[in-house]
Amino acid sequence: MARVNVVSNLPATLDALAVGRGRPVLVVVGGAGGMSQEHLSRTAEVLSQQVVPVLARLGAAVVDGGTDSGVMRAIGQARSAAGADFPLIGVAAEGTVSAGTRDDAGEIEPGHTHVILVPGDSWGDESPWLADVADAVAGTAPSVTLVINGGKITYDDIAHSLDRHRPVVVLAGTGRTADAIAAAADGHRENLGARQIAGSPLTRVVDIDDGSALADLLESILGRTQRAIERNGTG
(Lines give C-alpha, C1' and ligand atoms only; values in the text may rest on other atoms or scores of the structure.)
Protein backbone atom coordinates (compact mmCIF):
# COMPACT_ATOMS: atom_id res chain seq x y z
CA MET A 1 0.00 0.00 0.00
CA ALA A 2 1.25 3.47 -0.84
CA ARG A 3 0.02 7.03 -0.43
CA VAL A 4 0.35 9.58 -3.22
CA ASN A 5 -0.48 13.27 -2.90
CA VAL A 6 0.63 14.61 -6.28
CA VAL A 7 0.31 13.06 -9.72
CA SER A 8 3.98 13.63 -10.55
CA ASN A 9 4.92 11.12 -7.83
CA LEU A 10 2.99 8.26 -9.43
CA PRO A 11 5.77 6.83 -11.62
CA ALA A 12 8.19 6.59 -8.70
CA THR A 13 5.48 5.12 -6.48
CA LEU A 14 4.59 2.49 -9.05
CA ASP A 15 8.25 1.59 -9.44
CA ALA A 16 8.63 1.28 -5.66
CA LEU A 17 5.64 -1.07 -5.66
CA ALA A 18 7.28 -3.09 -8.46
CA VAL A 19 4.37 -2.54 -10.82
CA GLY A 20 5.77 -3.09 -14.28
CA ARG A 21 4.97 0.06 -16.24
CA GLY A 22 4.60 0.31 -20.02
CA ARG A 23 2.01 -2.44 -20.22
CA PRO A 24 -1.63 -2.52 -21.43
CA VAL A 25 -4.15 -1.30 -18.87
CA LEU A 26 -7.83 -2.04 -18.31
CA VAL A 27 -9.63 0.50 -16.13
CA VAL A 28 -12.73 -1.03 -14.55
CA VAL A 29 -15.41 1.39 -13.34
CA GLY A 30 -19.00 0.96 -12.29
CA GLY A 31 -21.23 -0.42 -9.60
CA ALA A 32 -20.27 -1.00 -6.00
CA GLY A 33 -22.84 -1.54 -3.26
CA GLY A 34 -25.73 -0.59 -5.52
CA MET A 35 -25.47 -3.59 -7.83
CA SER A 36 -28.20 -6.21 -7.69
CA GLN A 37 -27.26 -9.83 -7.06
CA GLU A 38 -28.41 -10.75 -10.55
CA HIS A 39 -26.15 -8.18 -12.18
CA LEU A 40 -23.26 -9.17 -9.91
CA SER A 41 -23.61 -12.83 -10.84
CA ARG A 42 -23.72 -12.12 -14.57
CA THR A 43 -20.78 -9.75 -14.26
CA ALA A 44 -18.71 -12.28 -12.34
CA GLU A 45 -19.33 -14.88 -15.03
CA VAL A 46 -18.25 -12.69 -17.94
CA LEU A 47 -15.20 -11.41 -16.06
CA SER A 48 -14.10 -14.96 -15.22
CA GLN A 49 -14.78 -16.53 -18.59
CA GLN A 50 -13.98 -13.72 -21.01
CA VAL A 51 -12.08 -10.79 -19.50
CA VAL A 52 -9.53 -12.34 -17.14
CA PRO A 53 -8.16 -14.75 -19.81
CA VAL A 54 -7.49 -11.81 -22.15
CA LEU A 55 -5.75 -9.83 -19.42
CA ALA A 56 -3.62 -12.81 -18.41
CA ARG A 57 -2.66 -13.55 -21.99
CA LEU A 58 -1.58 -9.96 -22.67
CA GLY A 59 0.12 -9.33 -19.34
CA ALA A 60 -2.13 -6.33 -18.81
CA ALA A 61 -2.78 -4.48 -15.57
CA VAL A 62 -6.16 -3.59 -14.09
CA VAL A 63 -6.91 -0.32 -12.30
CA ASP A 64 -10.12 0.07 -10.29
CA GLY A 65 -11.46 1.58 -7.06
CA GLY A 66 -10.11 -1.24 -4.91
CA THR A 67 -12.91 -1.67 -2.39
CA ASP A 68 -14.54 -4.97 -1.49
CA SER A 69 -17.85 -4.53 -3.30
CA GLY A 70 -19.48 -4.67 -6.71
CA VAL A 71 -17.29 -4.83 -9.80
CA MET A 72 -14.11 -4.46 -7.73
CA ARG A 73 -14.90 -7.55 -5.70
CA ALA A 74 -15.91 -9.39 -8.88
CA ILE A 75 -12.66 -8.70 -10.73
CA GLY A 76 -10.59 -9.48 -7.63
CA GLN A 77 -12.30 -12.80 -7.11
CA ALA A 78 -12.14 -13.68 -10.81
CA ARG A 79 -8.40 -12.99 -10.91
CA SER A 80 -7.79 -15.04 -7.76
CA ALA A 81 -9.91 -17.96 -8.94
CA ALA A 82 -8.00 -18.08 -12.22
CA GLY A 83 -4.62 -17.98 -10.49
CA ALA A 84 -3.70 -15.08 -12.75
CA ASP A 85 -0.65 -12.97 -11.97
CA PHE A 86 -1.41 -9.65 -13.65
CA PRO A 87 -1.34 -6.55 -11.40
CA LEU A 88 -4.67 -5.51 -9.93
CA ILE A 89 -4.28 -1.98 -8.63
CA GLY A 90 -6.88 -0.43 -6.36
CA VAL A 91 -7.03 3.37 -6.18
CA ALA A 92 -9.02 4.73 -3.23
CA ALA A 93 -9.51 8.09 -1.56
CA GLU A 94 -7.86 7.64 1.81
CA GLY A 95 -10.80 8.82 3.89
CA THR A 96 -13.22 6.36 2.28
CA VAL A 97 -11.48 3.14 3.23
CA SER A 98 -11.22 1.42 6.60
CA ALA A 99 -8.37 3.59 7.80
CA GLY A 100 -10.55 6.65 7.29
CA THR A 101 -13.17 8.29 9.46
CA ARG A 102 -16.41 7.75 7.48
CA ASP A 103 -19.18 5.61 8.91
CA ASP A 104 -19.57 4.00 5.48
CA ALA A 105 -15.84 3.45 4.97
CA GLY A 106 -15.04 0.44 2.81
CA GLU A 107 -12.55 -2.41 3.06
CA ILE A 108 -9.95 -3.10 0.42
CA GLU A 109 -10.77 -6.17 -1.69
CA PRO A 110 -8.15 -8.77 -0.68
CA GLY A 111 -7.40 -9.98 -4.20
CA HIS A 112 -5.84 -6.66 -5.16
CA THR A 113 -2.09 -6.85 -5.53
CA HIS A 114 -1.42 -3.14 -4.99
CA VAL A 115 -3.32 -0.29 -3.36
CA ILE A 116 -2.71 3.40 -3.88
CA LEU A 117 -4.35 5.79 -1.44
CA VAL A 118 -5.00 9.29 -2.77
CA PRO A 119 -6.24 12.49 -1.09
CA GLY A 120 -9.94 12.80 -0.28
CA ASP A 121 -12.64 11.93 2.20
CA SER A 122 -15.59 11.48 -0.17
CA TRP A 123 -16.60 8.76 -2.59
CA GLY A 124 -15.61 10.00 -6.04
CA ASP A 125 -12.49 11.86 -4.91
CA GLU A 126 -10.51 9.00 -6.43
CA SER A 127 -12.13 9.46 -9.85
CA PRO A 128 -9.44 11.55 -11.59
CA TRP A 129 -6.74 9.46 -9.94
CA LEU A 130 -8.01 6.29 -11.61
CA ALA A 131 -7.22 7.92 -14.95
CA ASP A 132 -3.89 9.26 -13.68
CA VAL A 133 -2.76 5.86 -12.40
CA ALA A 134 -3.83 4.17 -15.64
CA ASP A 135 -1.81 6.72 -17.63
CA ALA A 136 1.24 6.22 -15.43
CA VAL A 137 1.09 2.43 -15.71
CA ALA A 138 0.40 2.28 -19.45
CA GLY A 139 2.75 4.99 -20.68
CA THR A 140 2.64 4.54 -24.45
CA ALA A 141 0.93 1.12 -24.21
CA PRO A 142 -2.80 0.89 -25.04
CA SER A 143 -5.51 1.24 -22.41
CA VAL A 144 -9.30 1.00 -22.29
CA THR A 145 -12.04 1.62 -19.73
CA LEU A 146 -14.71 -1.02 -19.10
CA VAL A 147 -18.02 0.24 -17.68
CA ILE A 148 -20.14 -2.23 -15.71
CA ASN A 149 -23.34 -1.03 -14.03
CA GLY A 150 -22.50 2.13 -12.06
CA GLY A 151 -24.01 5.16 -10.38
CA LYS A 152 -23.49 8.91 -10.56
CA ILE A 153 -19.73 8.76 -9.93
CA THR A 154 -19.33 6.42 -12.89
CA TYR A 155 -20.22 9.28 -15.25
CA ASP A 156 -17.25 11.21 -13.86
CA ASP A 157 -14.99 8.17 -14.18
CA ILE A 158 -15.96 7.82 -17.84
CA ALA A 159 -15.50 11.54 -18.50
CA HIS A 160 -11.94 11.40 -17.19
CA SER A 161 -11.18 8.51 -19.56
CA LEU A 162 -12.71 10.25 -22.56
CA ASP A 163 -10.84 13.47 -21.72
CA ARG A 164 -7.62 11.47 -22.09
CA HIS A 165 -8.81 9.90 -25.36
CA ARG A 166 -9.07 6.50 -23.72
CA PRO A 167 -11.56 4.14 -25.43
CA VAL A 168 -14.59 3.21 -23.35
CA VAL A 169 -16.41 -0.12 -23.59
CA VAL A 170 -19.86 -0.19 -21.99
CA LEU A 171 -21.21 -3.58 -20.94
CA ALA A 172 -24.95 -3.38 -21.60
CA GLY A 173 -27.23 -5.57 -19.53
CA THR A 174 -25.40 -4.87 -16.26
CA GLY A 175 -27.81 -2.21 -15.05
CA ARG A 176 -27.97 1.48 -14.15
CA THR A 177 -25.31 3.71 -15.79
CA ALA A 178 -24.15 1.11 -18.30
CA ASP A 179 -27.70 0.45 -19.43
CA ALA A 180 -28.51 4.16 -19.60
CA ILE A 181 -25.59 4.66 -21.97
CA ALA A 182 -26.61 1.63 -24.03
CA ALA A 183 -30.15 3.03 -24.28
CA ALA A 184 -28.77 6.39 -25.39
CA ALA A 185 -26.73 4.63 -28.07
CA ASP A 186 -30.03 3.13 -29.29
CA GLY A 187 -31.56 6.58 -29.63
CA HIS A 188 -33.16 7.23 -26.26
CA ARG A 189 -32.53 10.87 -25.40
CA GLU A 190 -33.77 11.28 -21.83
CA ASN A 191 -30.38 11.17 -20.11
CA LEU A 192 -28.04 13.96 -21.25
CA GLY A 193 -24.93 12.52 -19.61
CA ALA A 194 -25.56 9.12 -21.15
CA ARG A 195 -26.16 10.71 -24.56
CA GLN A 196 -22.88 12.59 -24.42
CA ILE A 197 -20.94 9.42 -23.60
CA ALA A 198 -22.78 7.31 -26.17
CA GLY A 199 -22.12 9.95 -28.82
CA SER A 200 -18.36 9.88 -28.38
CA PRO A 201 -16.46 8.10 -31.16
CA LEU A 202 -14.41 6.48 -28.41
CA THR A 203 -17.42 4.67 -26.90
CA ARG A 204 -18.45 1.15 -27.83
CA VAL A 205 -21.38 -0.80 -26.39
CA VAL A 206 -21.28 -4.60 -26.04
CA ASP A 207 -24.07 -6.73 -24.61
CA ILE A 208 -23.24 -8.90 -21.63
CA ASP A 209 -24.77 -11.88 -23.44
CA ASP A 210 -22.08 -11.61 -26.12
CA GLY A 211 -19.04 -12.31 -23.98
CA SER A 212 -16.91 -13.44 -26.90
CA ALA A 213 -17.46 -10.08 -28.61
CA LEU A 214 -16.32 -8.34 -25.43
CA ALA A 215 -13.19 -10.48 -25.23
CA ASP A 216 -12.40 -9.87 -28.91
CA LEU A 217 -12.87 -6.12 -28.54
CA LEU A 218 -10.68 -5.86 -25.45
CA GLU A 219 -7.98 -7.95 -27.09
CA SER A 220 -8.10 -5.84 -30.26
CA ILE A 221 -7.53 -2.67 -28.22
CA LEU A 222 -5.09 -3.91 -25.59
CA GLY A 223 -3.16 -6.23 -27.90
CA ARG A 224 -1.98 -3.57 -30.33
CA THR A 225 1.54 -3.43 -28.90
CA GLN A 226 2.01 -7.20 -29.04
CA ARG A 227 0.79 -7.35 -32.62
CA ALA A 228 3.22 -4.59 -33.61
CA ILE A 229 6.10 -6.52 -32.04
CA GLU A 230 5.09 -9.68 -33.90
CA ARG A 231 4.84 -7.81 -37.20
CA ASN A 232 8.28 -6.31 -36.72
CA GLY A 233 9.76 -9.70 -35.87
CA THR A 234 11.28 -8.52 -32.61
CA GLY A 235 9.14 -10.61 -30.24
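The values are calculated or read from the model by the stated rules, or taken from the named source; none is laboratory data. All figures in this text were calculated on a predicted structure; none of them were measured in a lab. Note that each Cβ is placed from the backbone with ideal geometry, even for glycine, and that neighbours are counted across all protein chains shown. These area figures cover heavy atoms from the full protein model, side chains too; ligands, DNA and RNA do not enter into them. Shrake-Rupley method; radii C 1.70, N 1.55, O 1.52, S 1.80 Å.
Do the conditions hold for SER212, that is, is it among the hydroxyl-bearing types (Ser, Thr, Tyr), open to solvent by 60 Å² or more (accessible area, probe 1.4 Å) and over 25 Å from TRP123 (Cα atoms)? Can you show your working first?
Working: among the hydroxyl-bearing types (Ser, Thr, Tyr): yes; open to solvent by 60 Å² or more (accessible area, probe 1.4 Å): yes; over 25 Å from TRP123 (Cα atoms): yes.
So SER212 fits the description; yes.
Which one is farthest from ILE158 (Cα to Cα), of the residues in segment 63-77 that are β-branched (Val, Ile, Thr) and in a helix (DSSP H, G or I)? Before you say what the answer is, go through the steps one by one.
The first filter runs over segment 63-77 and keeps only residues β-branched (Val, Ile, Thr), leaving 63, 67, 71, 75.
Retained after the next criterion (residues that are in a helix (DSSP H, G or I)): 71, 75.
Details: VAL71: 15, ILE75: 18 Å.
Among them, the one singled out is ILE75.
Mind checking which residues of segment 82-108 are within 26 Å of ALA141 (Cβ to Cβ) and assigned to a helix (DSSP H, G or I)?
Selection gives ALA82 alone.
Kindly list, by first and then second residue, each pair from a residue in segment 3-32 that is among the hydrophobic types (A, V, I, L, M, F, W, C) and modelled with pLDDT under 95 to a residue that is in a loop (DSSP other than H, G, I, E, B) and open to solvent by less than 40 Å² (accessible area, probe 1.4 Å), limited to pairs with Cβ atoms under 6 Å and residues at least 6 apart or on different chains.
Within 6 Å, the pairs are ALA32/SER69.
Can you tell me which of (1) open to solvent by 10 Å² or more (accessible area, probe 1.4 Å); (2) small (Gly, Ala, Ser); (3) out of contact with any Gly (no Cβ under 8 Å at 6 or more places or on another chain) is the one SER122 doesn't meet?
Among (1) open to solvent by 10 Å² or more (accessible area, probe 1.4 Å); (2) small (Gly, Ala, Ser); (3) out of contact with any Gly (no Cβ under 8 Å at 6 or more places or on another chain), the lone unmet condition for SER122 is (3).
Taking the criterion of being open to solvent by 60 Å² or more (accessible area, probe 1.4 Å), at pLDDT below 95 and farther than 26 Å from ASP15 by Cα, would at least one residue in segment 92-101 satisfy it? Before the answer, list the steps.
Here is the first cut: in segment 92-101, the ones open to solvent by 60 Å² or more (accessible area, probe 1.4 Å) are 94, 98-99, 101.
From what's left, at pLDDT below 95: 94, 98-99, 101.
Add one more test, that the residue is farther than 26 Å from ASP15 by Cα, and what stays is 101.
There is at least one residue in segment 92-101 that is open to solvent by 60 Å² or more (accessible area, probe 1.4 Å), at pLDDT below 95 and farther than 26 Å from ASP15 by Cα.
Which condition number in (1) touching a His at 6+ places or on another chain (Cβ under 6 Å); (2) of a type outside the set (D, E, K, R); (3) closer than 27 Å to GLY211 by Cα is the one that LEU17 fails?
(3)
Could you check segment 2-33 and list, in sequence order, the residues that are surrounded by 14 or more Cβ atoms within 10 Å (Cβ to Cβ), under 17 Å from the mean Cα position of the chain (by Cα) and assigned to a loop (DSSP other than H, G, I, E, B)?
VAL19, ARG21, ARG23, PRO24, GLY31, ALA32
Quick check, is ALA61 among the aliphatic types (A, V, I, L, M), within 16 Å of the chain's Cα centre (by Cα) and under 14 Å from ILE148 (Cα atoms)? So that I can check it myself, show each step before the final result.
Values: among the aliphatic types (A, V, I, L, M): yes; within 16 Å of the chain's Cα centre (by Cα): yes; under 14 Å from ILE148 (Cα atoms): no.
Spelling it out, it is not the case that ALA61 is among the aliphatic types (A, V, I, L, M), within 16 Å of the chain's Cα centre (by Cα) and under 14 Å from ILE148 (Cα atoms).
Mind telling me which of the residues THR225, THR203 ends up being under 24 Å from ARG23 (Cα atoms) and modelled with pLDDT of 95 or more?
When all the criteria are applied, what remains is THR203.
Return the total of residues in segment 60-73 being open to solvent by less than 10 Å² (accessible area, probe 1.4 Å) and small (Gly, Ala, Ser).
Looking only at that region, the number is 4.
Within segment 168-185, is there a residue that is modelled with pLDDT of 95 or more, within 30 Å of THR13 (Cα to Cα) and surrounded by fewer than 23 Cβ atoms within 10 Å (Cβ to Cβ)?
Yes - at least one qualifying residue is present in segment 168-185.
Would you be able to tell me the number of residues in segment 43-54 that are open to solvent by less than 70 Å² (accessible area, probe 1.4 Å) and either touching a residue at least 60 places away in the same chain (Cβ under 8 Å) or at positive phi (or both)?
Of the residues in segment 43-54, 6 are open to solvent by less than 70 Å² (accessible area, probe 1.4 Å) and either touching a residue at least 60 places away in the same chain (Cβ under 8 Å) or at positive phi (or both).
Got a number for residues in segment 194-208 being out of contact with any strand residue (DSSP E or B) (no Cβ under 7 Å at 6 or more places or on another chain) and under 20 Å from HIS39 (Cβ atoms)?
Qualifying residue count, segment 194-208: 2.
Cβ-Cβ below 6 Å, separation at least six or inter-chain, first residue in segment 135-164 and closer than 20 Å to ILE208 by Cα, second open to solvent by less than 20 Å² (accessible area, probe 1.4 Å) and among the polar types (S, T, N, Q): which pairs?
Every condition considered, the pairs that remain are THR145/SER161; ILE148/THR43; ILE148/THR174; ASN149/THR174; GLY150/THR177; THR154/THR177.
From the list GLY150, GLY193, which residue is at positive phi, in contact with a helix residue (DSSP H, G or I) (Cβ under 7 Å, 6 or more places away or on another chain) and surrounded by 17 or more Cβ atoms within 10 Å (Cβ to Cβ)?
Details: GLY193 fails: at positive phi.
Result of the check over GLY150, GLY193: GLY150.
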